[in-house]
Amino acid sequence: MEILLLLTAHFLGDFMLQRSDLALKKREDFKFFILHCTIYSVGMFLALVSLGRFNDIIFIFLILTVSHSILDFISIKMLRITALKEKELIIFIIDQILHVSVVIILGYIMKEYITKVNGYEQVYNILVYVLIYMICLTPSAVFIKKAFKHFSIQDDNESETRENKVKSGYLIGMLERVIILTLGLNGQLGAIGF
């Protein structure tokens, strides 16, 4: 339960609440990097406070937010190196693996420090669905965009008309994934093909 809530907060702060323009601006301007880290920290703080007393979660909160900031800072520095700029997909994958690993490890450690609150068992299934849909939306869209760019299927220097088509495709892709996921979760596999 704790890990699901922390993963949900992670994907919310790192993807859902970070628009693509903020993701680009945080690479160039430190104040946008601080803004992203603040948004991430607030979401993680709210998730942690819902699990336990402030004194019990402050250490976990500090490790999560500081490690997130350090990992993002390293990723940004690596992307500024010309030779590594072509490896954006690989840097993104490694970055997310490290972020998620830290969240999972601290989620397990946190189980011993939180106060057990009645009713969380009922929220477990809802959190699973929220997390699956969140991953299906923005993180997978970002991954696909970076994969297309990595394999030269899509170029960053597109005209405005091409950019509008790409944005439309981005949204259509998210909608398609949500429809496929919803049909799959409801056992309507034949409808997916249709």
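The values are calculated or read from the model by the stated rules, or taken from the named source; none is laboratory data. As the structure is a prediction and not an experimental result, all values here were calculated from the model. Methodologically, a virtual Cβ is constructed for each residue, glycine included, from the backbone with ideal geometry; neighbour enumeration extends over all protein chains shown. Accessible surface is based on the protein model in full, side chains and every heavy atom, while ligands, DNA and RNA are left aside. Shrake-Rupley method; radii C 1.70, N 1.55, O 1.52, S 1.80 Å.
Observations on the structure shown:
- Overall form of segment 1-153 per C-alpha gyration tensor (a/c, 1.5; a/b vs b/c): prolate
- Residue 183/residue 30 FRET efficiency (R0 45 Å; Cβ-Cβ; nearest 0.05): 0.55
- Solvent-accessible area, 1.4 Å probe, carbon plus sulfur percent, for segment 1-75: 73
- Legend: distances between Cα atoms for 111/146; 31/87; 31/145; pairs beyond 30 Å are 111/146.
- Counting heavy atoms of the protein chains alone, residue 88 has an accessible area of about 20 Å² for a 1.4 Å probe.
- Over segment 13-100, the reciprocal of the mean inverse Cα-Cα separation, the Kirkwood hydrodynamic radius, stands at 13.8 Å.
- Point-to-point label distance, residue 21-residue 54, nm (Cα→Cβ direction, 7 Å offset): 3.5
- Length gained when the stretch residue 129-residue 111 is fully extended (0.36 nm per residue, less Cα-Cα span): 4.3 nm
- Fully extending the segment from residue 66 to residue 147 would add 26.3 nm, taking 0.36 nm per residue of separation and subtracting the current Cα-Cα distance.
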